[in-house]
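Structure first, commentary second.
Every read-out reported here was derived from the displayed coordinates using simple, explicitly stated rules and does not represent laboratory data. As the structure is a computational prediction, the values presented were derived from the model and not from experiment. Please note: Cβ atoms are built from the backbone with ideal geometry, for glycine as well, and neighbour counts cover all protein chains shown.
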Amino acid sequence: MLTKAISAVFGTKNERELKRMHKVVDKINALEPTISALSDDELRQKTDEFKSRHANGESLDKLLPEAFAVCREASKRVNGMRHYDVQLIGGMTLHEGKIAEMKTGEGKTLMATLAMYLNAISGKGVHVVTVNDYLAGRDAELNRGLFSFLGLTVGVIYSQQPPHEKFDAYRADITYGTNNEYGFDYLRDNMVFSKDEKKQRPLNYCIIDEIDSILIDEARTPLIISGQAEDSAHLYALINNIIPRLKKSDNEEDNKNNVAEDFWIDEKNRAIEISEKGYEKIEKFLIEVGELGEKESLYSPARLPLLAHVQAAIRAHHLFIKNVHYIISEDNEIVIVDENTGRTMPGRRWSEGLHQAVEAKEGVEIQAENQTMATTTFQNYFRLYDKLSGMTGTADTEAAEFKSTYDIDVVIIPTHRPIARVDLNDQIFLSKLGKYQGIIREIREITAKGAPVLVGTATIEASEELSYLLDQAGIKHNVLNAKQHEREAEIIAQAGRPSAVTIATNMAGRGTDIILGGNWQAEIEDLDALTDAQKSELQSQWQARNEAVKAAGGLHIIGSERHESRRIDNQLRGRAGRQGDPGQSRFFLSLEDDLMRIFAGDRVVSMMRAMGLKEDEAIEHKMVSRSIENAQGKVEARDFDARKSLLKYDDVANEQRKVIYGQRDDLLEEIDLQESIKAMHHEVYNALITQFVPVGSVDGQWNIDGLEDEIEDAFGYYMPINDWLDADRRLDEEGLRAKIIEFAITHYQKKRESMGEQNAARLERDFMLRNLDRHWKEHLTQMDQLRKGIHLRSYAQKNPEQEYKRESFDLFQSMLGAIKSDVVQDLARVHIATPEEIAQMEEERRRQAEMMRLHFEHNDMGLEGEIATDESRPRATQNVQRITVSLGGAVPSMPNLMPNGHANTNTNTSMDTNQSMTDVGDTAETQNTDDVFIPANINRNAPCPCGSGLKYKQCHGKI
């Protein structure tokens, strides 16, 4: 009540914001006559003038009125479009780092050019983020002429783009791309071995189109670059055979009362639980097929991966549905469908074995799993920008989340013309079939008047069911879903023609307006060599169609079911009534819809059944509508909590990520690493000495023989510590430490001098980068495993979040120590080849090349020349006592310098199984076999020193 009273006196916060911005709009409009009088050259020179003024200290805020006036005038001259006052307000909102909620058809693309132009003046770059490559390319081309006229450059980034093109695109004043590509480029930039290989500049200013889709719907989707892990295809196929034998319980209560079948499904949280009976049945099967020992349990630590396979298989069979969550492509591959947009996402894969389980379920080829090499979330990536803004038609319902997570306010921009759309009451049916019959009746009624109809469905499956029924009813229509995405622009362009019927999954086609009467300009583009008279005739025909459709009531939206989020429903409604056009919307629901079945409650169902409705009869009732809204509110609150929880845990990893990426940047920037190397020697040797010579101890407590052996094993050279003690009986613990560390540093300095300064510096940087990357990769796997089981700490009355922070910090500290230890060991073991050894290696290389040719021609392992990963491989120093490097010419390729023989893997991207996916990256490095030194006593089961990732007996030691 108090809030309402205050708002009545002072206005809402949104009204106060709009009032403040209207004053600036008046200033911009006052400048219009002066700016309009400028010639094209004078207008173009304004950009250089703004850059100069900004460089001399004038803020962008002070430049805003004049810059907006210049951009508006340029748009009039180049594109024939003048920004409305409400678009000026939207541009100011974006510049201030806020979200502009602007209804469909109000010109968000044009509005954004104002903020892009102003912020590009700083020269630091503007990133524009769209939901797909099509929109990124389209918007870039739409605005390229405008920005070129104003003296600014435009770039577009996309997957598999040549490196030099992507580098140039990021150096443009304004860069367009998808959220995924920006995120993956950030991760890839933090895996490079030279600062010149980095693509992105420091993250300055970002405008996200459809910001709710990216920062809310995809917030739980981590971006992951991964390499191939161990192949477990046979296990997935084997476990897939178990699932049909398992029986599903109807509800959770059975499980609580110990009368459950083998498992039950929690549909609200998309989770599965296996009962004790189920575990026993699964264990019995695995023992029968030899995957589990007679006395082994799925609960045992060594068998937890097997348990994960089983859980993934059950989820694949019962929670992931064909034509809803995925489709099978023409290439016989599982392709994920985005549940929020209905679009397919080729190249992406679910992680944690889920994708492989779905492949096994559908009987397609099971591809290898991946191991995480680098990861972040959209939440943490976009918070790296100095200034973040966005635009959408539906943000107000999530305003609280935007504020709490990203510290961004939402400003609702008024429409240029009043909204004329009428939102009709929902109609609720008993069954899905009755609902579809009601939809068909509505379509007949609306199209008979000459109005177009857009039917929104939640899944591909629903769109195909409805399409079949429309065919049976003799109603012509177009279907737009993930299977017809190539025709998206064509179908959407003509969806506004009189009596046209279009079925679209969710928000497929989002970002493209449906024009009443059809898109006559798209029609012209499809026809060749039209005369001006023919074009004029087509426009006249469109004008007549446009008037006819308006007279029939405009575009009619039919929602075939409510989405879990009100925002998605509002997006569907928003396709009608653009720029003051007439339109209508109505949702058709049934008690069999997932939202009604899972969340609406028994009261609604009981009431409807008690009314004795027939299958094709519907009711409109406030109580039902209220129950649906309450159900949506529950789901939205649950999803918000899930995103908050994800962010809490990822914030821990994010702080560690910043440290590691900061260290990488320092390594790439630093010319001289000698001081860092010396510090590492001090730390590593001190830790090692303490194991054998405790701090503050006397000589009777020392284990000098053990210390000498450990130094020789770890660093590959002998240190005569006993001789020093024999020569100087007064040497105490502190003096001994100093002498050992001094000897170690001197030993390395001599080796360094023999390499030459330039070669040594490259070697040091490479060893440090590769060890950092390798341990970070292993650390991410450990963090992932820790997080999966951390919720169990609550059973011990411990706070899982606090436990995760504490243990992840311990893991991080251990990782940093291991990195330093491995760098010092690698540098100690590096060996400079003599001329005789170089000649021997040349001969060995020729022999190996012949062997490898035969190996690839007669590959009996089915590898077809692929490079396997080395994640489970022990450090090669356990078997190889040194790595031989030829420095006769240029330093060999860096993979050959690694004593550990670690090969770079193909980079993939994947995401967690809430919304998890994998995207094939665009870099693939293979190991160069130059300068491989094969020790005479190498174990045949040891990793091959060439770094291929194969065992020695399967590679260079193959017989």
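Distance from the C-alpha centroid of segment 183-198 to that of segment 413-440: 48 Å, rounded to the whole angstrom.
Entry note, segment 420-620: relative contact order of 36 percent, from Cα contacts under 8 Å with a spacing of 6+ residues.
Using θ = phi - 60° in the Karplus curve 6.51 cos²θ - 1.76 cosθ + 1.60, the 3J(HN,Hα) couplings for segment 765-770 round to 4, 5, 4, 5, 5, 5 Hz; x is entered for Gly and Pro. In plain terms, the residue of Tyr685, Tyr381, Tyr117 with the fewest other Cβ atoms within 10 Å comes first and the most crowded comes last, giving Tyr381, Tyr685, Tyr117.
The distance linking segment 747-805 with segment 521-589 is 55 Å (Cα centroid to Cα centroid, whole angstrom). Database remark: amide H of Ala451 closer than 5 angstrom to the amide H of Ser499 (H placed geometrically; neighbours at sequence offset of 5 or more, or on other chains; Pro and chain starts carry no H).
So what is the relative contact order of segment 1-145, in percent, for Cα pairs below 8 Å that sit 6 or more residues apart? 22 percent. Listing Tyr661, Tyr468, Tyr436 from fewest to most neighbouring C-beta atoms within 10 Å gives Tyr468, Tyr661, Tyr436.
Around the amide H of Gln371, modelled in the peptide plane, lie the amide H atoms of Gly227, Gln228, Ala229, all under 5 Å away and 5 or more residues distant in sequence or on another chain.
What net charge is computed for the residues neighbouring Pro33, neighbours being all others with C-beta under 14 Å from the C-beta of Pro33, Lys and Arg scored +1, Asp and Glu -1?
Counting the neighbours of Pro33, the net charge comes to 0.
Given a Förster distance of 51 Å, report the FRET efficiency between Asp61 and Glu670 from their Cβ-Cβ distance, rounded to the nearest 0.05. Efficiency for this residue pair is about 0.85. Straightening the chain between Asp168 and Arg638 buys 164.9 nm, computed as 0.36 nm per residue apart minus the Cα-Cα spacing. Here the label points at Ser794 and Tyr468, each 7 Å from Cα along the C-beta direction, are separated by 4.1 nm in the simple model. Centre-to-centre separation between the Cα atoms of segment 690-715 and those of segment 42-103: 70 Å. The packing ranking of peptides 755-763, 352-360, 584-592, 154-162, highest mean first, is 352-360, 584-592, 154-162, 755-763, where packing means the average number of other beta carbon atoms within 10 angstrom of each residue.
Taking a ≥ b ≥ c as the square roots of the eigenvalues of the Cα gyration tensor, an a/c ratio of 1.5 or more together with a/b larger than b/c marks segment 420-620 as prolate. Residues whose amide H comes within less than 5 Å of that of Leu223, counting only those at least five positions distant or on another chain, are Thr376, Thr377, Phe378 (H built at 1.01 Å from N in the peptide plane). If you add up the charges near Gly123, with Lys and Arg at +1 and Asp and Glu at -1, over every other residue whose beta carbon is less than 15 angstrom from its beta carbon, what do you get? Net local charge, Gly123 excluded: +1. Applied to segment 652-661, the Karplus parametrisation 6.51 cos²θ - 1.76 cosθ + 1.60 on θ = phi - 60° returns per-residue 3J(HN,Hα) values of 5, 5, 5, 4, 5, 4, 4, 5, 5, 5 Hz, with x for Gly and Pro.
With R₀ fixed at 35 Å, the C-beta to C-beta distance from Asp594 to Asn241 puts the FRET efficiency at about 0.75. Between Glu15 and Asn332, the modelled labels are 6.6 nm apart [label points 7 Å from Cα along Cα→Cβ]. Each residue of segment 309-317 was assigned a 3J(HN,Hα) from its phi angle through the Karplus expression (A = 6.51, B = -1.76, C = 1.60, θ = phi - 60°), giving 4, 5, 4, 5, 5, 5, 4, 4, 6 Hz with x at Gly and Pro.
Each of Glu42 and Asp732 was given a label point 7 Å from its Cα along the Cα-to-Cβ line. The distance between the two points is 8.6 nm.
Cβ-to-Cβ counts within 10 Å put Thr344, Thr153, Thr459 in ascending order as Thr153, Thr344, Thr459, the fewest first.
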